[in-house]
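Before any comments, here is the structure.
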Amino acid sequence: MSHVRGTMLYASPAPETDRERLIRENDLVVVVEGFNAAVAQRIRIGETFVSRHGRFPHAAFVGVAFGTKIRASDGRGFVHVCAPTPELWTKVLAHRTQILYAPDIALVSAEMELRPGSTVLESGTGSGSLTHALARCVAPTGKVWTFEFNETRVKAAAEEFRANGIDEVTTVTHRDIERDGFPEELASTADAVFLDLPGPQKCVASVARSLRPNGVLCTFSPCIEQVHKTIVEMKKHGFADIKTVELLGRHYDVEGRCLQTDLSAPLSKETKGGWRKDQKRPRDGATEDSASTLTETVVAHPQQRLQSHTAYLTFARLIPAPENWTETLAERAKTSESGNEEVLKRAAEFLAKRRGTKKRYRPQSDAPKQPSKHVISNPDDYSD
Ligand SMILES: C[S@@+](CC[C@H](N)C(=O)[O-])C[C@H]1O[C@@H](n2cnc3c(N)ncnc32)[C@H](O)[C@@H]1O
């Protein structure tokens, strides 16, 4: 892999992804201008980044460490020139679709238990926001197989993955996953599957074939009716430990302030009507009296701009089939003398585990050994 393409730090197996190295021509960088204001730039000597903070010739970015504060050549302001991590990429990427943001991505990556070496399947690829984070989790030895049925988006994603240096761990493929499912060649290979599709419930059978036992499925659904349809399918296809989460973030501005406690005293100039930001020294001429009426305190304001509903995240684990599950339980019950009881016990334990109950099957010694209504006698009837 050539550094000429630039790299997504820590999402690529290439050695030049070292965060310590200095910025070179052709690198991808994220220019951070301030709170929630950032822009991706490919470093080209001769080009200039222009913003309300001033003019920044790219040459000024070359040879400095990622994170450096760069002053505008016209002296107006400054920016920070940062490494293109997946988190920053999510803030600057071109939106071809709705995307996943950092809070959801963090929970998805943790709940899907991703680590270097994991294999993960994703559909749809969309704008590739989640894909970059998945690639960083599984690199350098794992693999992200991502599927998208819009051909233009497939081409754009493939080009972006190549330019950002994550194409060694990420392959994007044109495929209708709701209609065709995941490819048979990937059967039983995935540690995790992520679905951000209009009809995730249509893909659950295919996901069950693609996951390894104990693998995790996560679906991202904007509406609760879709969540319900998906959960019904999950239960039919051997998933357990099912939970649905909605992430609502609340951000705070926290600072120290001086509060004028004695409001009967004339309002101090220091407090500008009762409050004064901390770390400001009293102005010359401030009286002892005004200082004595001030109390230092901590103020926390919930930000008015709340992150509201993005979607419901539903997680489920494909439980391992019990030993010899492939033999039909009914067959075993017929052919073995003790088989019936053994099979019933195992099936009951299996179902109890799936339902999260502690109730255990206890055969009644005198009762005829007949399958109870709650026990499956044929694995094909395997559903709640
Ligand atoms: C909301 S976007 C995914 C955004 C992505 N999670 C991200 O973070 O950038 C959903 C994508 O699924 C694709 N899609 C819809 N139905 C599909 C299907 N049946 N098979 C594959 N992709 C599909 C759409 O074209 C769209 O690009």
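Of the cross-linked pairs Lys202/Lys236; Lys143/Lys243; Lys202/Lys229, which ones have a Cα-Cα span greater than 20 Å in the structure shown?
Values: Lys202/Lys236 12 Å; Lys143/Lys243 26 Å; Lys202/Lys229 9 Å.
Over 20 Å apart, Cα to Cα: Lys143/Lys243.
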Next item on the list: Could you work out how far apart the two model spin labels at Thr189 and Arg52 are, taking each label as a point 7 Å from the Cα in the direction of the beta carbon, and quote it in nm?
Entry: 4.9
Notebook entry, point to check: Could you state the number of Å between the C-alpha centres of segment 200-265 and segment 23-41?
Noted result: 31
Next item on the list: For segment 131-209, state what percent of all Cα-Cα pairs lands in each successive 5 Å bin, counting from 0 Å until the bin that includes the largest distance.
Entry: 3, 14, 25, 24, 21, 10, 2
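Can you give the extra length, in nm with one decimal, that the chain gains between Ala59 and Thr97 once fully stretched, where that is 0.36 nm per residue apart less the Cα-Cα distance? Mind showing how you got there, number by number?
Working: separation 38, 0.36 × 38 = 13.68 nm, distance 3.35 nm.
Extending this stretch completely gives an extra 10.3 nm.
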Notebook entry, point to check: When ligands, DNA and RNA are left out and all protein chains stay put, how many square angstrom of accessible area per residue does segment 160-217 have with a 1.4 Å probe?
Noted result: 39
Next item on the list: For segment 37-181, state what percent of all Cα-Cα pairs lands in each successive 5 Å bin, counting from 0 Å until the bin that includes the largest distance.
Entry: 2, 9, 17, 18, 16, 13, 10, 8, 4, 2, 0, 0
Item checked: Accessible area of segment 66-142 divided out per residue, in Å², using a probe of 1.4 angstrom -> 39
Check: Taking Rh as the Kirkwood radius computed over C-alpha pairs, what is the Stokes-Einstein D of segment 94-246 at 10 °C in a medium of viscosity 1.306 mPa s, expressed in µm² per second?
Finding: 104
Item checked: Peptides 39-49, 167-177 ordered by average Cβ neighbours within 10 Å, highest first -> 167-177, 39-49
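Evaluate the charge dipole of segment 69-204 about its Cα centre and quote only its size in Debye, nearest 20, assuming +1 on the Cβ of each Lys and Arg and -1 on the Cβ of each Asp and Glu. Walk me through the numbers on the way to the answer.
Details: 14 positive and 19 negative charges, 139 e Å.
The dipole of segment 69-204 has a size of about 660 debye.
The values are calculated or read from the model by the stated rules, or taken from the named source; none is laboratory data. As the structure is a prediction and not an experimental result, all values here were calculated from the model. Glycine gets a Cβ as well: all are built from the backbone with ideal geometry, and neighbour counts include every protein chain shown. Accessible surface is based on the protein model in full, side chains and every heavy atom, while ligands, DNA and RNA are left aside. Shrake-Rupley method; radii C 1.70, N 1.55, O 1.52, S 1.80 Å.
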